[in-house]
Amino acid sequence: MNNAFSKTPKAPNPPGATLRDQDRSNPPRGSGGPGASGSQRGSTAAQPPRSRPGSTATTATGKSGKPTINELPPARASLSGSEDPSSSSSTAGNPQLKTVGPFAFWDSYFKTHAETPEQVGEKVALLRKESKFDHIEAILWNYLKHHPREAKSWMYQGLAVAMDINRRDPAKVKTALSYAADLALASEDVAAMVMVAELMYARGIRNDETIIRLIDTARTKGPLLAAPKLMSLTLAVETLDPERMVATVEELLSVGWPLVDEAIRKKAREKAEALAEQLDKAGSSDAAHRVRSRLARSEARDLVIRLTWDGDADLDLIVEEPDGGQATMLTPCTILGGSILNNGYGKNPEEFYVCPRAVPGRYRIKLDQIYNNPNNLATRATLEIIHNEGLPTERKSTVVVELVADGTTKPKPVEVVVRPEEGRRTQLLPYAGLLAEQQKFAETLLKTLAAPGSEPPKKEDK
């Protein structure tokens, strides 16, 4: 029987795609061209796509429905190196092993089963829970081998992680990740770009043309995603690139980041200072000075509004911007980059609105009283307004707003004017998908603040 790692047939290249030539010793190549869906973000480390409602998967026993672990062939303990456990050399004298080896089984299975990517993802998710990475590798490898036009970036991501855990040749793991990168870029799937870049970085693939392209494309396509920008900061430090650093810091600090704004600002500051110190040591004092001076200007914010109140209450800060949009807790980021950073209530009577790069015009501040504890009434709120925070032209003002206990009468809006010389925004953010992007990545932003680890997944001894 042919070795699945060395005899994989060459898959046709996608129309119009600039993909590397197929190496028959490398993972099977998919053929999803530009426009192919890569929206399902996942790997064996991050959940692959689930089956669509109502869809079914044909199991190892030919039944319809979700496969169970007991229905799958048992794993082979000899799965190591690049040897196919179902090859004649590894199963000589024991014909039964040919039918139970993961590669032989899934090779035969996908020859006759045309499943959807969602159904394959369902199998991978099930096996991931059982840590059956030999089967995950066999499933993804053989599905891509027999159905190359159904290839998705997440499949190659999952294949790379499974191969890594199964102690495959690092060069083949890198090849699988390069295929994942090609599909992510071709489909313009920003989430997949970020995931592939993180997987590559964690496996020591740094300052590589592919990972740089992934990071920079994700920065452009996902202006409200912190992850690619944070990765770009790390790349700037490692490559001693002051221009990348100052450009990325400006991108990162030109908008407010709900819930994690201060943490992101701290990370940008640390990375910029780390690069400046290295440049000083390398004798590039002018470049180090430029990084520090640009950092100071990027950290400055055109408009900051701080709301506080007495008593036990829940007040929501609402800011209407000159373009007609408004920042609220439900729409925390606007096309001007203005953001409500936190939700204050009870023992935390404080909320912030920031617009690091504002446009000139009138900003109307409204207060929405959600509740007011009758046993500890809030009777007044205070608005602290800061223009050009962190610049020599910084100016502050304070407005006190009287509150009505029952909340039936809303306080009169407070108007703030940003002067022409105080507004530095020159480009609006894309409106479509702003909130969706923010919500989708809110839970992962803190996790991505630290540079991806350099250690691959822990490998268990066979």
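The values are calculated or read from the model by the stated rules, or taken from the named source; none is laboratory data. Keep in mind that what you see is a predicted model, and the values were worked out from it rather than measured. Neighbour counts run over all protein chains shown; Cβ positions are idealised from the backbone, glycine included.
Of note:
- Considering (1) assigned to a loop (DSSP other than H, G, I, E, B); (2) within 28 Å of L391 (Cβ to Cβ); (3) at pLDDT 90 or above, the lone condition that A288 does not fulfil carries the number (1).
- K267 crowded, with 18+ Cβ neighbours inside 10 Å, touching a Ser or Thr at 6+ places or on another chain (Cβ under 9 Å), outside the structural domain of P430 (by TED's automatic domain parsing) and closer than 26 Å to D302 by Cβ: no
- A single entry from A162, A114 fulfils the requirement of being surrounded by fewer than 21 Cβ atoms within 10 Å (Cβ to Cβ), among the small types (G, A, S) and either within 17 Å of the chain's Cα centre (by Cα) or closer than 20 Å to R29 by Cα (or both): A114.
- If you go through segment 168-201 and keep only what is more than 21 Å from L233 (Cα to Cα) and aromatic (F, W, Y), you end up with just Y179.
- Among the candidates K123, K172, K152, K129, the residue that is free of Cβ contacts under 8 Å to residues at least 12 places away in the same chain and of a type outside the set (G, A, S) is uniquely K129.
- Condition check for A197: touching a Ser or Thr at 6+ places or on another chain (Cβ under 6 Å), at negative phi, surrounded by 21 or more Cβ atoms within 10 Å (Cβ to Cβ) and outside the structural domain of M231 (by TED's automatic domain parsing): no
- The lone criterion from (1) at pLDDT below 90; (2) under 29 Å from K221 (Cβ atoms); (3) touching a Pro at 6+ places or on another chain (Cβ under 9 Å) left unmet by V404 is number (2).
- E198 vs. criteria out of contact with any helix residue (DSSP H, G or I) (no Cβ under 7 Å at 6 or more places or on another chain), free of Cβ contacts under 8 Å to residues at least 60 places away in the same chain and charged (D, E, K, R): no
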